[in-house]
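The values are calculated or read from the model by the stated rules, or taken from the named source; none is laboratory data. Source: prediction; values computed, not measured. Every residue, glycine as well, gets a Cβ built from its backbone with ideal geometry; the counts of neighbours run over all protein chains shown.
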Amino acid sequence: MQVKPIIQELIDDNRLNVEKCGLINLYWSFKFDRMKTDIDKFKKLTNELTSKRNQLNQATEDLYDLAIANQQRSTSTIEIQQELDQLNTVERTLIDKANQLEIEYKKSLIQEKTVKLQDSVNFFTNSIELIIYHFTKRNYYINKDDLFALLELPDDFFDDLPKLK
């Protein structure tokens, strides 16, 4: 799996920032920037939805006015009804997009919290491994089994740890 296309896609989506510093490309992403982008998209879709609803209401009023004023002109009523149906379809599409954006935002928050939790667990277990290595491999003459007993760790402590992806 190559990382470069994924990074380029994230840069194109404004999810990742990049700056060239000498021969090195520095990449970073701030949670606030991503949240602001998602909120801006959400507001834009909400504004579009409001605009389309206003158009729908105006088209409904026009349809009603035309129906009263032009009882004989059934063809124009059919065209307005078709336009009304199209606006209803656009409204449903915008509502679906807004809901999908909200779901994606919630999923990204959950994923971010999961990654932080995994990093914390890895740091904790690595710290324990370093302590045990330090006291058993240096010239302290401490037996690994004695250290495990002192810390009240089971013999298979490192075997029972969950394997994080």
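Could you tell me whether any residue of the stretch 70-80 is touching a strand residue (DSSP E or B) at 6+ places or on another chain (Cβ under 6 Å) and assigned to a helix (DSSP H, G or I)?
no
Condition check: modelled with pLDDT under 85 and not in a helix (DSSP H, G or I). Does ASN14 satisfy that?
yes
Here is a check on your reading of the model: is LYS113 loosely packed, with under 11 Cβ neighbours inside 10 Å and part of a helix (DSSP H, G or I)?
Yes; evaluated as a whole, the condition is true for this residue.
Restricted to the stretch 17-69, and to residues that are part of a helix (DSSP H, G or I) and basic (Lys, Arg), which residue is surrounded by the most Cβ atoms within 10 Å (Cβ to Cβ)?
Filtering the stretch 17-69 for residues that are part of a helix (DSSP H, G or I) and basic (Lys, Arg), the one surrounded by the most Cβ atoms within 10 Å (Cβ to Cβ) comes out as LYS52.
Given the criteria outside any helix (DSSP H, G or I), modelled with pLDDT of 70 or more, over 30 Å from ALA59 (Cα atoms) and not basic (Lys, Arg), does LEU130 qualify?
No, not satisfied.
Can you name the residue in the stretch 89-110 that is touching a helix residue (DSSP H, G or I) at 6+ places or on another chain (Cβ under 7 Å) and without any contact (Cβ under 8 Å) to a residue 60 or more places away in the chain and, of all such residues, is surrounded by the most Cβ atoms within 10 Å (Cβ to Cβ)?
Checked the stretch 89-110; the qualifying residue surrounded by the most Cβ atoms within 10 Å (Cβ to Cβ) is LEU94.
State which residue is nearest to LEU101 (Cα to Cα) when the search covers only the stretch 12-29 and only residues that are in contact with a helix residue (DSSP H, G or I) (Cβ under 9 Å, 6 or more places away or on another chain) and among the hydrophobic types (A, V, I, L, M, F, W, C).
LEU16
Filter the stretch 66-89 down to the residues that are at pLDDT 75 or above and polar (S, T, N, Q), then identify the one that is nearest to SER51 (Cα to Cα).
ASN88
Identify the single condition in (1) within 30 Å of SER29 (Cβ to Cβ); (2) modelled with pLDDT under 90; (3) touching a helix residue (DSSP H, G or I) at 6+ places or on another chain (Cβ under 7 Å); (4) not in a loop (DSSP other than H, G, I, E, B) that SER120 does not satisfy, given that it satisfies every other one.
(3)
Among what's in the stretch 34-65 and is of a type in the set (D, E, K, R) and more than 30 Å from TYR105 (Cβ to Cβ), pick the residue that is modelled with the highest pLDDT.
Among those that are of a type in the set (D, E, K, R) and more than 30 Å from TYR105 (Cβ to Cβ), it is GLU61.
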